[in-house]
Amino acid sequence: MRAILTPICCFLLSIAGCAQQPSRYAGPLEPGQALAAFELVDGFAAAVFAAEPQLADPVELLFDEQGRAVVIEMPDYPDKPAFGQGKSRIVLLSDTDGDGRMDHRAVFADGLSEATSALPWKGGLIVTAAPDILYLKDEDGDGRADRRDILFTGFFENNSEAQITNLWLNPDGWIYASNFGQAGMISAPSVPEAPPVNVRGADFRFRLDPLRFEQAAGPTQFGQAVDVWGNRFGTHNTQHINQFVIPWRYLHRHPHLPATGTIQNISDHDLRMYQRTPAPYWRAERTARRQKQYDEAGTGRIEYAADHFTGSAGGTVYDGDLFPPRFHGTVFTGDVAGNLVHRDSLAAAPGDPAFVAMRPAGERDREFLASTDPWFRPASFTVGPDGALYVVDMYRQHIETPVSIPEDLKADMDFYAGADRGRIYRIAPTGAPPAADPAALNDASTPALVAALADPNGWRRRTAQRLLLERADPAAVEPLRKTLTASEAPARLLALYLLDAQDALRASDVTRALKDPEAGIRMHALRLSESFPELDAAVAPLLDDASGRVALQAALTLGNRSGRAVADLFAAFVEAHAGNPWMRLAVLSAPSGASLATLNALERRRFFQNQDDDRAAFLQETAAVLAVRNVPDELNRFIDFLVDHPEPFWVAAGFTGLKEGHDSSVPLILSDRAIDNINAFMRSSSAVVQDLSGDVLALTPAR
């Protein structure tokens, strides 16, 4: 009888819709189970700091000057809410029983559209919520924000994975935000007379006292890591650590550079990661389909479904005082697709302005943290007041924009599975004390805040810096000036910029900083020296600095000046650094650097007597700038220069640069003599020179 009833029952259940295929996707784990799924490097332990029901969909954690845990929740993801129906929230978490785990939540603000990041400011919060950057504050003391000002508006808002985010107060006093290079004309409603800023291709930075805003080098997407010296690093899907080598303003002080990119992928281990979860069905299937197309087209391209970075997010420099010293300055990055936390150590080769990001010893064939739970989504990190590393886990079944997944694969995917969940983990050395209420700084005196600039904990340094910026207390000037000679180098750097913010920085302060034993301070002293023309003579010696970042900055700073003496300095710099593209770009970014004056100065140094690819690259890049500039007299003299260097090696480099820089809509205006000289090159014994000569002639008006 049972044998007969069983198929009948199954048939009836299937009709009722109760018999379903097993899910292709694993279900969620409870917080304790998820914690047990962690594989963490030896010497560290993880604990649940917060979890549902105290929070859901967390994307960022920060601690304000009172030490309060502030969490951004983003239940909107991945779909854009209708206008006025935003679901994002900002909540304040607290531990009422002192056990180190948050057990109470209070909503500070809600109804926000796709809020992603926040930064404390004057008792409130600056919040990114595209298309705006907002200022929220509780004015009446009821715990909820009742003031909501639009500071800036105009940011891209049509893809939550590519919107304004990652607010960070840099040591230079500017607040930086990731814009992923998205187009937008950014305006400040409180200053309607200020011209809008076009942020296409850039990140964004601003100050509020007084209000200023402009493009910043970038772009970066899901993470913005800033070290103690203000060097900025970004994460972008497959590229888990990029460095922004040259600030935006230098590469845009003249409009003639053919390329103005600032990014260098500094990883020495490319895309490989050590994932402990299998690729989800949709990703494996999509990858197989794409790979089939690549193979049929013969592209040679390989796409990976797992074990390679695809969802890098939340890059953060560790600057706390709880981890062992070898961890200081390393960068933690999550991969939300790989369910892991990766760590990089940074080093710089002598004379190179770019770092190299390397896997640390003990993590060459494993990750700092890898989970076997496919719901683990480490979206961002915070180094807390206690020096611990806090991992913000959005905890969703799926993290991917639906527009990137074929329709048939989305049929059984619930993109909101887990929208009622979320975790924050506290990672600390084994045996470290549990989390405790941090010492607040909101009531600290001005002298106490200045003293905190030397604190070994990065949160205390940054919070003190911010509060001093907010207060702009004249009583801070003298203790800040005394800090310029403090033994703690980070304090010296912060003091320089805080004095500058109060218009109290002196030329003598900068002169001392230009000779500081710490390279990071010398680099920033060069930037600050640009406001003191009397310090020009002090800049030149730093062109030979042993630190590549200092030497690069010296060239960038020198580029604000002109004259034969500057050309001679540039020539010596190019000769010393011709093999480094960033050093060449620093010279070319200066109006006086990409010039016949610099080429002539190089000629006086017999630079062109030795033929090598690096020297040819500089000549080619200079020619490209001259072509973009398209000044007839300058171009004619450049052709004369090539006549004086008729070797095919140099002529080919020069003509290649002219072709690369030429705007097809505007002819190159050359004199009859210059055109006759090009015709003469067409009779060269070099076939390459013949072809290039014809190509350049084709760029000029018909005769």
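The values are calculated or read from the model by the stated rules, or taken from the named source; none is laboratory data. Just so it is clear, the structure is predicted and the values come from calculations on it, not from any experiment. Here the Cβ positions follow ideal geometry from the backbone for every residue, glycine too, while neighbour counts run over all protein chains shown. Calculation scope for accessible area: heavy atoms of the full protein, side chains included, ligands and nucleic acids excluded. Shrake-Rupley method; radii C 1.70, N 1.55, O 1.52, S 1.80 Å.
Please determine whether any residue of segment 689-697 is in contact (Cβ under 8 Å) with a residue 24 or more places away in the chain, open to solvent by 60 Å² or more (accessible area, probe 1.4 Å), in contact with a Pro (Cβ under 8 Å, 6 or more places away or on another chain) and in a helix (DSSP H, G or I).
Scanning segment 689-697, I find no residue that is in contact (Cβ under 8 Å) with a residue 24 or more places away in the chain, open to solvent by 60 Å² or more (accessible area, probe 1.4 Å), in contact with a Pro (Cβ under 8 Å, 6 or more places away or on another chain) and in a helix (DSSP H, G or I), so the answer is no.
Considering I241, I175, which residue is in contact (Cβ under 8 Å) with a residue 60 or more places away in the chain, under 28 Å from V550 (Cβ atoms) and not charged (D, E, K, R)?
Result of the check over I241, I175: I241.
Consider D676 against the criteria (1) buried (at least 16 other Cβ atoms within 10 Å of the Cβ); (2) in a helix (DSSP H, G or I); (3) not aliphatic (A, V, I, L, M): it satisfies all of them except one. Which criterion is unmet?
Going through (1) buried (at least 16 other Cβ atoms within 10 Å of the Cβ); (2) in a helix (DSSP H, G or I); (3) not aliphatic (A, V, I, L, M) one by one, D676 breaks only (1).
For P360, state whether it is in contact with a Ser or Thr (Cβ under 8 Å, 6 or more places away or on another chain) and surrounded by fewer than 18 Cβ atoms within 10 Å (Cβ to Cβ).
yes
Yes or no: segment 112-128 includes at least one residue that is part of a loop (DSSP other than H, G, I, E, B), free of Cβ contacts under 8 Å to residues at least 24 places away in the same chain and in contact with a strand residue (DSSP E or B) (Cβ under 9 Å, 6 or more places away or on another chain).
Scanning segment 112-128 turns up at least one residue that is part of a loop (DSSP other than H, G, I, E, B), free of Cβ contacts under 8 Å to residues at least 24 places away in the same chain and in contact with a strand residue (DSSP E or B) (Cβ under 9 Å, 6 or more places away or on another chain).
With a cut-off of at least 2 residues that are closer than 25 Å to L322 by Cα and not β-branched (V, I, T), name the helices (runs of 4 or more DSSP H) lying wholly within segment 433-486.
446-452, 458-471
Give the residues of segment 306-332 that are open to solvent by less than 30 Å² (accessible area, probe 1.4 Å) and under 30 Å from S404 (Cβ atoms), sorted by residue number.
A306, F309, G311, S312, A313, G314, G315, T316, V317, V331, F332
Among the candidates Q33, Q54, single out the residue that is modelled with pLDDT of 95 or more and assigned to a helix (DSSP H, G or I).
Q33
So, in segment 505-531, how many residues would count as being over 25 Å from A354 (Cβ atoms), open to solvent by 30 Å² or more (accessible area, probe 1.4 Å) and either of a type outside the set (S, T, Y) or assigned to a helix (DSSP H, G or I) (or both)?
Result for segment 505-531: 4.
Hey, among the residues in segment 609-659 that are of a type in the set (S, T, N, Q) and part of a helix (DSSP H, G or I), which one's nearest to G694 (Cα to Cα)?
If we take residues in segment 609-659 being of a type in the set (S, T, N, Q) and part of a helix (DSSP H, G or I), then T656 is nearest to G694 (Cα to Cα).
Residues in segment 585-624 that are buried (at least 22 other Cβ atoms within 10 Å of the Cβ), at pLDDT 95 or above and aliphatic (A, V, I, L, M): how many?
Qualifying residue count, segment 585-624: 11.
Of the residues in segment 400-432, how many are closer than 20 Å to A45 by Cα and assigned to a loop (DSSP other than H, G, I, E, B)?
4
I'd like the full set of residues that are in contact with a strand residue (DSSP E or B) (Cβ under 6 Å, 6 or more places away or on another chain) and outside any strand (DSSP E or B), limited to segment 236-272.
V245, W248, T262, I266, D268, L271
Take the residues of segment 89-115 that are within 14 Å of V59 (Cα to Cα) and modelled with pLDDT under 95: which is surrounded by the most Cβ atoms within 10 Å (Cβ to Cβ)?
If we take residues in segment 89-115 being within 14 Å of V59 (Cα to Cα) and modelled with pLDDT under 95, then E114 is surrounded by the most Cβ atoms within 10 Å (Cβ to Cβ).
Residues in segment 439-446: is at least one crowded, with 23+ Cβ neighbours inside 10 Å and at pLDDT 95 or above?
no
Quick one: how many residues across segment 633-673 are open to solvent by 10 Å² or more (accessible area, probe 1.4 Å), closer than 16 Å to D612 by Cα and of a type in the set (A, V, I, L, M, F, W, C)?
Count: 2.
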